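Remarks on the structure that follows.
Readers should treat all values here as calculations from the given coordinates under stated rules, not as data from a laboratory. As the structure is a computational prediction, the values presented were derived from the model and not from experiment. Positions of Cβ are generated from backbone atoms using ideal geometry, with glycine treated the same way; all protein chains shown enter the neighbour counts.
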Amino acid sequence: MPDFELEDKCCGLVAGVDEAGRGPWVGPVVAGCAVFLKRCVNPKLLDELDDSKKLSKKKREELYDLLLKEKDEGHMLLGIGEASAKEIDDINILNASFLAMKRAMAQAQVKADMVLVDGNREPKDFGCSVKAVIKGDAKSYSIAAASILAKVYRDRLMEKMALKYSGYGFEKNAGYGTKAHIEGLKKYGVTPEHRRSYAPIKKFLEQSKTSF
């Protein structure tokens, strides 16, 4: 379970960032940024925050709402940033993830002294010190909060995308390469939201010129 140990080892204002959506074949990659300005937050939040992948959809939604409430009460700074499928194709998924993180920090309007990033790669040009933390969303409250923001926000985006592009199962698979997604590609072709640099989508484009 996460705690504030990593934050306590840093000097100054600490931001946690994490992304959701590196693996899917379609849609943007989304990053969340979270800063605890005060630790007198709802005890339920600290009791239940964890790596978003370990939590049920219902629990993630509850924590997402709690985070927004803490922001409204002035206890936290929160931000969400995106990098589009086209940006992913243009600069690759790693750089697009870092771009989304920068945009999340900009939306949070945070001037951090240290940024804790989930993963093993440290982004450049963040304007402050950066520390990569492997499995950070299970170690740091700030990163865990960022992971919840990114995951819930992106899942909601994909549910909206499913209304525009029905037949791919985006509302359930979030753009990952499931059977329903593959069947949708076979039947309807590649949408403008698909990541054309990804090998499975390249293959579909080569096999068929069908496209929205």
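With θ set to phi - 60° and the Karplus curve 6.51 cos²θ - 1.76 cosθ + 1.60, what are the ³J(HN,Hα) couplings of the stretch 137-147 in order, to the nearest whole Hz, using x for Gly and Pro?
Once θ is set to phi - 60°, the couplings for the stretch 137-147 become 6, 9, 10, 10, 4, 5, 5, 4, 4, 4, 5 Hz.
Just rank GLU7, GLU19, GLU171, fewest to most, by other beta-carbon atoms within 10 angstrom.
Details: GLU7 21, GLU19 27, GLU171 16.
Going from least to most buried by this count: GLU171, GLU7, GLU19.
Which net charge results when you count Lys and Arg as +1 and Asp and Glu as -1 among the other residues whose beta-carbon is under 14 Å from that of LEU55?
-2
How much mean residue ellipticity at 222 nm does the chain get from its helices, if each DSSP H run of length 4 or more adds -39500 (n - 2.57) and you divide by all residues, to the nearest 500 deg cm²/dmol?
When only DSSP H runs of four or more count, the value is -13500 deg cm²/dmol.
Cross-link candidates for LYS71: which lysines have Cα within less than 22 Å, leaving aside residues fewer than 8 places away along the same chain?
LYS38, LYS44, LYS57, LYS58, LYS59, LYS102, LYS111, LYS139, LYS151
Distance between Cα centroids, the stretch 76-117 to the stretch 19-42: provide it in whole Å.
Going from one Cα centre to the other spans 9 Å.
When the dipole is taken about the Cα centre of the chain, and only Lys, Arg (+1) and Asp, Glu (-1) are charged at their Cβ, what size is it in debye, to the nearest 20? If you can, show how the numbers build up before the last one.
Numbers: 36 positive and 31 negative charges, 178 e Å.
Value, rounded to 20: 860 debye.
Based on DSSP, what percent of beta bridges with both residues in the chain are antiparallel, to the nearest 5? Display every interim value, and only then the final one.
Values: 14 of 25 bridges.
The answer is about 55 percent antiparallel.
From Cα pairs below 8 angstrom and at least 6 apart in sequence, can you work out the relative contact order of the chain, rounded to a whole percent? Walk me through the intermediate numbers first.
Numbers: 442 pairs, mean separation 62.1, N = 212.
RCO, the chain: 29 percent.
Just LEU77, LEU116, LEU68 to compare: in a GNM of the chain, with alpha carbon springs under 10 Å, which one fluctuates most?
Among LEU77, LEU116, LEU68, the largest GNM mean-square fluctuation belongs to LEU68.
In the stretch 5-157, with Lys and Arg counted as +1 and Asp and Glu as -1 at Cβ, which of these residues, GLY16, MET101, SER84, has the Cα nearest the positive end of the dipole, that is, farthest along it?
Of GLY16, MET101, SER84, it is SER84.
What angle, in degrees between 0 and 90 and rounded to the nearest 10, separates the Cα long axis of helix 57-72 from the longest principal axis of the Cα atoms of the chain?
So the helix axis and the longest Cα principal axis differ by about 50 degrees.
Long-range amide H contacts for ASP3: which residues qualify at under 5 Å (H placed 1.01 Å from N, peptide plane, sequence gap of 5 or more or a different chain)?
Hits under the 5 Å cutoff: SER140, TYR141.
Would you mind calculating the relative contact order of the stretch 112-171 from Cα pairs under 8 angstrom and at least 6 residues apart, reporting the percent as a whole number?
23 percent
Going 7 Å from the Cα of ARG121 along its beta-carbon direction, which residues of the stretch 190-207 have the amide nitrogen within less than 16 Å of the resulting point?
Flagged as within label range: 197-199.
Could you please rank ARG103, ARG156, ARG195, ARG60, placing first whichever residue has the fewest other Cβ atoms within 10 Å of its Cβ?
Ascending number of Cβ neighbours within 10 Å: ARG156, ARG103, ARG60, ARG195.
Quote the relative contact order of the stretch 66-143 in percent (integer), defining contacts as alpha-carbon pairs under 8 Å separated by 6+ residues. Could the numbers behind the result be given before it?
On the way: 92 pairs, mean separation 18.1, N = 78.
In percent, rounded to a whole number, it is 23.
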